[in-house]
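The values are calculated or read from the model by the stated rules, or taken from the named source; none is laboratory data. In this text, all values refer to a predicted model and were calculated from it rather than measured experimentally. So basically every Cβ, Gly included, is an ideal-geometry build from the backbone, and we count neighbours across all protein chains shown. Keep in mind that these areas ignore ligands, DNA and RNA; they rest on the heavy atoms of the full protein, side chains included. Shrake-Rupley method; radii C 1.70, N 1.55, O 1.52, S 1.80 Å.
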Amino acid sequence: MTDREESQRLLMEFIDGGDASQAAAAAGTIVAFVAKIDGPAAQIAALNELRLALANQCKTRDLSGEAEDRHVIIEDAIEKAMNGLQGKPA
C-alpha cells in the first residue's frame, strides 16, 4: 500500500466513523507523504490527486449527514494545504 493509499484509507475511516484519532493519523500520514516529494508543484499535484481520489470514493458511497460534513472538512483542509504551498492565504 502506498502512502497516498494509506492516507486515503485513514481519511475514509474518519469520514465513516468520526474517530478523531483516525483524522490525526491520516494528517500525519499525509504530511509524511507530501514531505517526501521534492518541490511545491509536485506536492500540490500529490495533494490534488489525493483530494480527487477521496472525492471519487466518497461519491461512490453517496455520503450524507455527518459523514458528508467530515468529508467537507477534509476537502477544506487539503485545499488550505495546497494554498499554503502556493503561497496563497489560507
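Give me the net charge for the shell around residue 88: Cβ to Cβ below 11 angstrom, other residues only, Lys and Arg +1, Asp and Glu -1. Present the calculation step by step, with values, prior to reporting the outcome.
Working: positive: 80; negative: 79.
Residues near residue 88 contribute 0 overall.
Largest mean-square fluctuation among 16, 76, 62, in a Gaussian network model of the chain whose springs join Cα atoms under 10 Å apart, belongs to 62.
Which value at 222 nm does the chain reach when only helices count, each DSSP H run of 4 or more adding -39,500 (n - 2.57), with the total divided by all residues and rounded to the nearest 500 deg cm²/dmol? Don't skip to the answer; put the middle values down first.
On the way: 4 runs with 75 residues, N = 90.
Value at 222 nm, helices only: -28500 deg cm²/dmol.
For segment 29-40, backbone phi angles converted through the Karplus equation (6.51, -1.76, 1.60; θ = phi - 60°) give residue-by-residue couplings of 5, 5, 4, 4, 4, 6, 5, 6, 9, 7, x, x Hz, Gly and Pro being listed as x.
Taking all protein chains in place and a 1.4 Å probe, what share, in percent, of the accessible surface of the chain do carbon and sulfur account for? Don't skip to the answer; put the middle values down first.
Working: 2810 of 5170 Å².
C and S fraction of accessible area: 54 percent.
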